[in-house]
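Peer 1: Before I ask anything, here is the structure I am working with.
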Amino acid sequence: MRLLITQETDWIKRNPLQQHHLAEMLSLRGHEIRVIDYELLWRTQGKRELFSRRQTFPNVHKIYDNAKVTVIRPGIVKIPGLDYVSLLFTHHGEIARQIEEFKPDVIVGFGILNAYLAVKAARKHHLPFVYHWLDVLHWLIPFKPFQPLGKFIESRTLRQADKVIVVSDKMKEFVTELGAEPERVEIVKPGISLKTFNPATSGEPVRKQYGITKDDTVLFFMGWLYHFSGLKEVALELARTKRDNIKFLIVGEGDAFENLQRIQKEHGLENTMILTGRRPYEEIPGLIAAADICVLPADPAEKVMHDGLPAKIYEYMAMQKPMISTKLLGVMREFGEGNGVVYVNRPEDTVNKAMELMSTGQVRELGIRARQFVESYSWDNITDQFERILEEVSHPQSPTPSP
């Protein structure tokens, strides 16, 4: 099978997400994979230039050594605002080129703009199109007046897709409300490499590297640092309570990084809050192993967090770490009670809840329950499900939907 994937983020520099695992696993099974991506980080990385040229990256793999994914990056105008306008033209041309040259059996979209371009091209050429939702993307558009436009474009794409894949029951409800036909929506949960994320991994090298003692309790967060991630509130609560035996280990980069650095300096948290920046994927298991409790303290009022299920949750749990989360609807529906996740009302409540779990000796038992919960979510099983969907849409039993 020849699979063409479109997305609006950097396939190469961003840490692996669900699409990376699925694409590389399918590659190992003999499928040909091409990805059209977008240089999302151009404003903060790379050389200064007004235009970027089309680039092709052959034989890319981020997780599995023998996987081979070809990444094509169309050029853009590197002026804020015009970058996305130029994307409409360059990605439109690239999708047409790949349909002609690569002749994909299925197209899978992960973005907003280029997913819409891809579904229109798929309809024109009578190709099946799958729309894969990991997040409610229009809520992530930083300029809020554009969010309704993003929602409108998503709804058009949802109505035309042969199949819509979501990560949770709650998100299935959401895309159905936006116009996806319920019978065309399937749930494919985030997967986990149980071999890579092994509870036997030692966290001592990381603790030693960052000066963390055996008596310290380590709270851990990794991922893109959004302002709504709740990290600022946790940091300020640590500053207020002056708990020297708690370390807050934060792995990642993003919008809130400089703000967290400022809080760290202003409140004397240099020895309490550890900001590692972005780390290579192969270091992640050891970093999680250094933790006692993982946290997801996102602001529950933030719409973007209502329905999603970040893949990192499954990685935390596979490492046999309990997790403290704010009361996010998607998380609560997926994990419920008694499966290694405990809930707090506000981000700043995370600190007291962590101390409660440590003092009552619940951490080990919660960690065991977490690992047991995710053991059925291996990437082999998830890829089986994804591969079946692709095969079904590439050999349809009924006519494809009209635009």
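Peer 1: Among the residues of the range 51-85, write down those that are acidic (Asp, Glu) and within 25 Å of residue 196 (Cα to Cα).
Peer 2: Selection gives 65 alone.
Peer 1: Of all helices (runs of 4 or more DSSP H) completely enclosed by the range 209-291, which ones contain at least 1 residues that are without any contact (Cβ under 8 Å) to a residue 40 or more places away in the chain and in contact with a Leu (Cβ under 9 Å, 6 or more places away or on another chain)?
Peer 2: Working: elements: 231-241, 257-266, 284-289.
Per the criteria, 231-241, 257-266.
Peer 1: If you check residue 44 against the conditions, is it of a type in the set (Val, Ile, Thr), without any contact (Cβ under 8 Å) to a residue 24 or more places away in the chain, open to solvent by 60 Å² or more (accessible area, probe 1.4 Å) and not in a strand (DSSP E or B)? Before the answer, list the steps.
Peer 2: Values: of a type in the set (Val, Ile, Thr): yes; without any contact (Cβ under 8 Å) to a residue 24 or more places away in the chain: yes; open to solvent by 60 Å² or more (accessible area, probe 1.4 Å): yes; not in a strand (DSSP E or B): yes.
Against the criterion (of a type in the set (Val, Ile, Thr), without any contact (Cβ under 8 Å) to a residue 24 or more places away in the chain, open to solvent by 60 Å² or more (accessible area, probe 1.4 Å) and not in a strand (DSSP E or B)), residue 44 qualifies.
Peer 1: When only residues in the range 294-307 that are open to solvent by 10 Å² or more (accessible area, probe 1.4 Å) and not aliphatic (A, V, I, L, M) count, which is modelled with the lowest pLDDT?
Peer 2: 306
Peer 1: Suppose we filter the range 142-165 for residues that are open to solvent by 10 Å² or more (accessible area, probe 1.4 Å), under 25 Å from residue 123 (Cβ atoms) and not in a helix (DSSP H, G or I); how many remain?
Peer 2: Going through the range 142-165 one residue at a time, the tally reaches 2.
Peer 1: Determine if the range 166-176 includes at least one residue that is free of Cβ contacts under 8 Å to residues at least 12 places away in the same chain, hydroxyl-bearing (Ser, Thr, Tyr) and part of a helix (DSSP H, G or I).
Peer 2: Yes - at least one qualifying residue is present in the range 166-176.
Peer 1: Right, next: Restricting to the range 244-274, and then to whatever is basic (Lys, Arg) and farther than 21 Å from residue 342 by Cα, can you tell me which residue is least open to solvent (accessible area, probe 1.4 Å)?
Peer 2: Taking the range 244-274 first, the residues basic (Lys, Arg) are 247, 262, 265.
Adding the requirement that they be farther than 21 Å from residue 342 by Cα leaves 262, 265.
Numbers: 262: 108, 265: 160 Å².
Among those residues, the one meeting the criterion is 262.
Peer 1: Continuing with this model, one more query. Does the range 76-98 include one or more residues that are at pLDDT 95 or above and surrounded by fewer than 12 Cβ atoms within 10 Å (Cβ to Cβ)?
Peer 2: no
The values are calculated or read from the model by the stated rules, or taken from the named source; none is laboratory data. No experiment lies behind these values; they were computed from the predicted model shown. Glycine also receives a Cβ, built like all others from the backbone with ideal geometry; neighbour counts cover every protein chain displayed. Heads up: the accessible areas ignore ligands, DNA and RNA and are worked out on the full protein's heavy atoms, side chains in. Shrake-Rupley method; radii C 1.70, N 1.55, O 1.52, S 1.80 Å.
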